[in-house]
1. For the subset of segment 79-103 comprising residues that are surrounded by 13 or more Cβ atoms within 10 Å (Cβ to Cβ) and under 18 Å from Thr138 (Cβ atoms), which member is farthest from the ligand (Cβ to nearest atom)?
2. Does Gly75 count as of a type outside the set (Ser, Thr, Tyr), touching a residue at least 40 places away in the same chain (Cβ under 8 Å) and away from the ligand (no atom under 13 Å from the Cβ)?
3. Restricting to segment 40-57, what's the tally of residues that are within 16 Å of the ligand (Cβ to nearest atom) and either among the basic types (Lys, Arg) or farther than 19 Å from Ser96 by Cβ (or both)?
4. Six or more apart or on different chains, Cβ atoms under 6 Å: show the pairs whose first residue is in segment 33-52 and in contact (Cβ under 8 Å) with a residue 24 or more places away in the chain and over 10 Å from Ser125 (Cβ atoms) and whose second is open to solvent by less than 60 Å² (accessible area, probe 1.4 Å) and among the hydroxyl-bearing types (Ser, Thr, Tyr).
5. Would you pick out the residues in segment 63-73 that are open to solvent by 70 Å² or more (accessible area, probe 1.4 Å) and either at pLDDT below 95 or within 14 Å of the chain's Cα centre (by Cα) (or both)?
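The values are calculated or read from the model by the stated rules, or taken from the named source; none is laboratory data. Just so you know, these numbers come straight off a predicted model, no measurement behind them. Every residue, glycine as well, gets a Cβ built from its backbone with ideal geometry; the counts of neighbours run over all protein chains shown. For the accessible areas, the whole protein counts, side chains as well, though only heavy atoms, and no ligand, DNA or RNA atoms are used. Shrake-Rupley method; radii C 1.70, N 1.55, O 1.52, S 1.80 Å.
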Amino acid sequence: MRLLLSVLAATLVATTAAAAPQVEAAWSRPAAQGTTGAGFLTLSNPKGPADALIGIESPLSGHVMIHQTTMTAGGVSSMAMVSQVPVPAGGRVTFSPGGYHLMFMGLTKALNVGDTLPATLTFSSGAKVKTAFVVGLTTPAAPRPTAKPAH
Ligand SMILES: [Cu+2]
């Protein structure tokens, strides 16, 4: 009986995790304490219905904003705050320099190369996904290993 309950619990956890969007290659640029950090990542949604990133929190930032850089016809780039970023069912969306990015306002700690910046992403489905941005100069070469148990 105890074994059956454990199996059921494990299945429930796996199901919940599988439906939430997944984070790949989260990275952040080095930044000094008190300044604004920039974060980039890829969100994929292999299993769930269409979802959208609606918020992000980090213990190292008082406020995290979702921004989008766009280029005007005249070649001038500008940043605008967006309230949500859609993650289509079966699709993916990439945050990268020159496009969507996250702004970590008022860093309480300096971000040096090799550090990690913890954060929790909130989606419109209600899913909350914890991740860690690796501080570096570019995207990590390989996706970070996930915490999912092996089958
Ligand atoms: Cu920005």
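1. Thr94
2. no
3. 1
4. Gly37/Ser28; Gly39/Ser28; Phe40/Ser96
5. Listed by number, the residues that qualify are Met71, Ala73.
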